[in-house]
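Visitor: Quick one: the structure is below, questions incoming.
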Amino acid sequence: MNKALTSQLLNDYQHDFPLKSQPFAAIADRLGVATCQVLQILNELQQQGAISRVGAVFRPRSIGFSTLAALAVAEESLDSVAQMVSSYPEVNHNYQREHHYNLWFVAATSTESDLQRVLNEIEQRSNSKVLILPLIEDYHIDLGFDMTGSKPKRSAFIENYASASALPYLPNDRENDLIAAIQSGLPLLERPFRAVGVALGQSEDEVINSIEKLIRLKVIKRIGVVVRHQELGYRANGMVVWDIPDEEVNHRGLQFGQLDYVTLCYRRPRRLPEWRYNLFCMIHGHDREVVLAQVDEMRNACGLQDAAYEVLFSTRRFKQCGARYARMAA
């Protein structure tokens with residue numbers, strides 16, 4: 001595999017995937033290679049686990065219902081509980097982190113009642129209270145990784161939280177079928193949108209137009225190559241949680257979101273007395289020391305030397321895949 005070509009492909013196409021009849025040909029033309037070479041690289045990366053898929057990333061709260069959640073699990077039970085949590089198709093991320101709350105997962109469903117059912121079942125089966133931390137505001141959600149050392153942060157992914165809708169978009173039946181078909185990724189074929197359309201009884205143009213509409217509505221956050229950070233060298237995954245005065249949290253969230261090394265930033269509820277933190281951000285670094293130095297830089301640059309915070313490094317990844325918000329209509 002051509003290392004330079006692979007790095008450029010990953011760097012340039014985590015966003016802005018061409019919404020054309022032959023998107024991989026358009027990518028190949030820009031990179032100066034053959035279409036079959038682009039498809040071969042992406043297939044190999046997917047088989048190796050370096051990328052999870054090529055496709056859409058849906059914005060939280062835009063469709064369906066989702067939440068971050070955590071469990072405090074006894075060490076001797078952690079593996080079995082983690083396996084149980086990961087067995088739910090509604091769970092798309094599941095990590096062990098260095099904290100009293102040591103198992104952190106994300107669950108997503110098409111309905112609020114389904115989400116509550118999953119959380120209740122996990123609580124009963126684990127015999128541990130689930131700490132439920134749904135997203136309140138998102139200030140920056142990108143999770144695009146720099147493969148060259150020169151990729152600037154995209155201002156389009158820093159949110160105007162005041163304009164965010166509190167209600168999810170309700171797709172029609174054909175849109176729901178499309179979301180269900182692409183939420184796990186596009187087929188790695190020369191004409192992926194035609195293949196999706198054939199499976200759904202929709203035309204290629206209809207599939208592309210519907211995806212463009214979901215992007216305009218901000219239901220789809222981005223479309224492109226979705227990488228797995230650990231396999232690409234970002235082995236220090238630090239979730240930094242802050243106790244910020246409520247009247248300052250929006251200002252601080254936007255402030256954090258503009259920092260180049262912050263990949264995610266969002267507000268979640270406090271759960272007193274168990275959980276005091278209301279502002280979360282993710283820093284993915286090549287090693288712990290870099291992440292901790294960046295946290296110190298954040299504190300100093302933002303005047304937060306006295307703010308309470310913790311850095312929860314992940315130690316094991318039990319599951320990572322795309323969220324499944326939709327089911328194919330009967």
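Visitor: For an R0 of 35 angstrom, estimate the FRET efficiency from the Cβ-Cβ distance between Asn43 and Leu78 and round to the nearest 0.05.
Guide: The formula returns an efficiency of 0.55 here.
Visitor: Okay, next question. In vacuo Debye scattering of the chain, one point per C-alpha: log10 I(q)/I(0) at q = 0.06, 0.11 Å⁻¹?
Guide: Values, matching the q order: -0.21, -0.74.
Visitor: What percent do you get for the relative contact order of the stretch 1-121 when only Cα pairs under 8 Å and 6+ apart count?
Guide: Once divided by the residue count of the stretch 1-121, the mean separation gives 19 percent.
Visitor: Let me ask something else. How big is the shadow of the Cα convex hull of the stretch 58-101, averaged over all directions, in nm²?
Guide: Mean projected area for the stretch 58-101: 3.6 nm², to one decimal.
Visitor: Could you tell me which of Thr67, Leu5, Tyr101 has its Cα farthest along the dipole of the chain towards the positive end, charges placed at Cβ (Lys, Arg +1; Asp, Glu -1), taken about the Cα centre?
Guide: Leu5
Visitor: Right, next: Note down the relative contact order for the chain as a percent, whole number, built from C-alpha pairs under 8 angstrom at least six residues apart.
Guide: 28
Visitor: Compute log10 of I(q)/I(0) for the stretch 7-47 with the Debye formula, placing one identical point scatterer on every Cα and leaving out solvent, at q = 0.24, 0.28, 0.31 Å⁻¹, to two decimals.
Guide: Debye output, listed in q order: -0.82, -1.10, -1.27.
Visitor: What ratio of Cα Rg to 2.2 N^0.38 Å holds for the stretch 30-126?
Guide: Taking the Cα Rg and dividing by 2.2 N^0.38 Å, one obtains 1.41.
Visitor: How many percent of all Cα-Cα pairs in the stretch 224-330 sit more than 20 Å apart?
Guide: 46
Visitor: Find which of Val262, Val240, Ile27 sits farthest along the positive direction of the dipole of the chain, computed with +1 on the beta-carbon of Lys and Arg, -1 on that of Asp and Glu, about the Cα centre.
Guide: Result: Ile27, furthest along the dipole toward the positive end.
Visitor: Treating only the Cα positions of the stretch 179-258 as identical point scatterers, give the base-10 log of I(q)/I(0) from the Debye formula at each q in 0.13 Å⁻¹.
Guide: Here log10 of I(q) over I(0) equals -0.67.
Visitor: I've got another one for you. Hey, which of these cross-link pairs are over 25 Å Cα-Cα: Lys20/Lys213; Lys20/Lys218; Lys3/Lys213?
Guide: The pairs that break the limit, which is 25 Å between Cα atoms, are Lys3/Lys213.
Visitor: Spin-label point model (7 Å from Cα, Cβ direction): what's the Ala199 to Arg270 distance in nm?
Guide: Once both label points are built, they end up 4.6 nm from each other.
Visitor: Okay, next question. Once amide H atoms are built 1.01 Å from N in the peptide plane, which residues 5 or more positions from Phe313, or in another chain, come under 5 Å H to H?
Guide: Result for Phe313 returns Glu98, Met239.
Visitor: For Ser52, what residues show an amide H to amide H distance below 5 Å, using hydrogens built from the backbone and excluding near sequence neighbours?
Guide: The answer is Val226, Val227, Arg228.
Visitor: With all pairs of different alpha carbon atoms counted, what Kirkwood hydrodynamic radius in Å does the stretch 1-72 show?
Guide: 14.2
Visitor: Using only DSSP helix segments of four residues or longer, with each worth -39500 (n - 2.57), what per-residue ellipticity at 222 nm results for the chain after dividing by its residue count and rounding to 500?
Guide: -10500 deg cm²/dmol
Visitor: On to the next question. Check the chain for me: any Cys whose beta-carbon has no other cysteine beta-carbon within less than 4.7 Å?
Guide: Cys36, Cys302, Cys321
Visitor: For the stretch 25-31, just list the computed ³J(HN,Hα) in residue order, Karplus coefficients 6.51, -1.76 and 1.60, θ = phi - 60°, integers in Hz, with x standing in for Gly and Pro.
Guide: 5, 5, 5, 4, 4, 5, 7
Visitor: Can you pull out the trypsin sites (Lys or Arg not before Pro) in the stretch 1-55 whose DSSP state is coil and whose Cβ has at most 12 other Cβ atoms within 10 Å?
Guide: Counting only loop positions with at most 12 other Cβ atoms within 10 Å, none of the trypsin sites (Lys or Arg not before Pro) in the stretch 1-55 qualifies.
Visitor: DSSP loop GluC sites (Glu not before Pro) in the stretch 273-330 with at most 15 other Cβ atoms within 10 Å of their Cβ, which ones?
Guide: Taking the stretch 273-330 and a limit of 15 other Cβ atoms within 10 Å, the loop GluC sites (Glu not before Pro) found are Glu274.
We did not get these values from a lab; they are worked out from the coordinates using the rules stated. If you're wondering where the values come from, they're calculated on a predicted model, not measured in any experiment. Cβ: placed from backbone, ideal geometry, glycine included. Neighbour counts: every protein chain shown.
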